[in-house]
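Input: a single structure, listed below in structure tokens.
The values are calculated or read from the model by the stated rules, or taken from the named source; none is laboratory data. Because the structure is predicted, anything quoted here is derived from the model rather than measured. Note that each Cβ is placed from the backbone with ideal geometry, even for glycine, and that neighbours are counted across all protein chains shown. Protein only, heavy atoms only, side chains kept; ligands, DNA and RNA dropped before computing areas. Shrake-Rupley method; radii C 1.70, N 1.55, O 1.52, S 1.80 Å.
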Amino acid sequence: MSADLFGAGEPAREEPRVLSVSELTRVVRAALEDQVGVVWVEGEVSNYRKQPSGHQYFTLKDAQSQLACVWFARGGLRTKQTALSDGMQVQVRGALTVYEARGQYQLNVQVVQAAGAGLLQAKFEALKRKLEAEGLFDPARKRPLPRFPATIALVTSPTGAAVRDMLNILARRAPWVRVVISPVRVQGQGAAQEIAAALAELNGLMERGVLAIDVIVVGRGGGSIEDLWEFNEEVVARAIVQSAVPVVSAVGHEIDFTIADFAADLRAATPSAAAELIVPDGEELRRYFAAVRNRLQRSTAGLLLQERNRLAYLSRIASPQGPARRLREWAQRIDTAGEMLQRRAQERYLAAEHRVAELRARLRQHLPDQRLALHRHQLTALVARILKCAPARMLALRQRFAQVAGLLKALSPEATLARGYSVTTSADGGILHSVADAPAGARIVTRLRDGTIHSVVE
């Protein structure tokens, strides 16, 4: 709480701030709601009052202090109703606030549970984690229930409403099923051991062949967590897992979950639901069998009519002469087939002979001696042509060479010089084609028919 709201710490010359009762109450309320908020409190209920509106008022106290509490009928976060009375030890969850009309701080209750319920829940979670780690809750371990059980064992209280509900439903749905009740206590000290012993006893009867059991149902009606706690004991869970007979857990109401539910092969929301799950509906079975019987009767009648018609047809076509006539027909067919086979064989033989003659003629045309004589004649003709063509070719080449030599001689520089011409070149032998190619002072060479003249251009 800030000091300036109460005037503390102010300079002496200033007037202290004076609050009204309402202002101070609102300040205290805001401080409580902000600094404390929602809390869990445990104590004894006293001065309990329930109004016609449904609101509940009581005081939560211990040896040294007390706390006013109000549990509103609406707006509370109550997940489970707990009947309150003076002297109860409870755990309360709520928001701390101030009732401004009286200037009294109080707890607006959201959840109430019996003292010790929190410990039980923690124990439940710890055992669940342990058994789950061991694989007791593994879905792969769980077995399917038989579709048409003949004998069902109920491990439950023989006087509770749960057993009456199950017996009524089983009698209505499956009156042919035999029900065996193994009476046990389902609440109180030692009940868990009785439930485990009953499961072991039923399995022992199975092993010795005394009693054939198809399904075991373990369950009871609803109640508080303390009432159902015997089904959260480890001994019950292990007895369910060790059972050779499939076990259905049917404990409490739909919102109640126990360790037995997780260990069982099947969990039913209620004992009544278990009875409906483990047996088929007799009325539905009767309707199904009636429909199957009608279909079978129709199919049988149709098949009989078909075979009767077929028998009548065979009776009409059958006669004493029938087999002999069929034999004659088959003999005629065999004769016809034999003639056709002989004709086809003759045709194939003649075709083969014709083909052999053709191949023989083609082979004679390609005999090696005839091919060699032909090639020898062609070779002789080629040799004669070569011998005849070679001299003529040489004479023609000599005449052509003489013509080319005469032409070359007539066109050569020597022939030109012999006719009185000359050829002028530079000192390095290059032919002069123009006066510009011989500047003054250049040395030139003039070639004549009978020699050369060296000169210098002026």
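Restricting to the stretch 211-233, and then to whatever is within 21 Å of residue 125 (Cα to Cα) and part of a loop (DSSP other than H, G, I, E, B), can you tell me which residue is least open to solvent (accessible area, probe 1.4 Å)? Checking each candidate, the answer is 228. Note on the stretch 399-419: residues that are out of contact with any helix residue (DSSP H, G or I) (no Cβ under 9 Å at 6 or more places or on another chain), under 21 Å from residue 449 (Cβ atoms) and of a type in the set (D, E, K, R) total 2. Taking the criterion of being surrounded by 10 or more Cβ atoms within 10 Å (Cβ to Cβ), aromatic (Phe, Trp, Tyr) and either assigned to a loop (DSSP other than H, G, I, E, B) or at pLDDT 85 or above (or both), would at least one residue in the stretch 59-80 satisfy it? Yes, the stretch 59-80 has at least one match. Might you let me know whether the stretch 240-251 holds any residue that is out of contact with any Lys or Arg (no Cβ under 8 Å at 6 or more places or on another chain), part of a helix (DSSP H, G or I) and surrounded by 18 or more Cβ atoms within 10 Å (Cβ to Cβ)? Yes.
Out of the residues in the stretch 378-418 that are part of a helix (DSSP H, G or I) and hydroxyl-bearing (Ser, Thr, Tyr), which is modelled with the lowest pLDDT? Once the filter is applied, the top-ranked residue is 416. Checking the stated criteria, residue 200 turns out not to satisfy the condition of being modelled with pLDDT of 90 or more, under 34 Å from the mean Cα position of the chain (by Cα) and closer than 24 Å to residue 128 by Cα. Of all residues in the stretch 33-49, those satisfying the criterion of being in contact with a Phe, Trp or Tyr (Cβ under 8 Å, 6 or more places away or on another chain) and loosely packed, with under 15 Cβ neighbours inside 10 Å are 46, 47, 49. Here residue 179 fulfils each of the conditions (1) touching a residue at least 40 places away in the same chain (Cβ under 8 Å); (2) aliphatic (A, V, I, L, M); (3) open to solvent by 40 Å² or more (accessible area, probe 1.4 Å); (4) part of a strand (DSSP E or B) apart from (1).
Among the residues examined, residue 131 qualifies as of a type in the set (A, V, I, L, M), outside any strand (DSSP E or B) and within 23 Å of residue 234 (Cα to Cα). Note on the stretch 255-305: among residues that are among the basic types (Lys, Arg) and modelled with pLDDT of 85 or more, the one that is farthest from residue 151 (Cα to Cα) is 298.
Within the stretch 194-223, residues that are touching a residue at least 12 places away in the same chain (Cβ under 8 Å) sit with their Cβ atoms under 9 Å from residues that are outside any helix (DSSP H, G or I) and among the basic types (Lys, Arg), at 6+ positions apart or across chains, in these pairs: 195/185.
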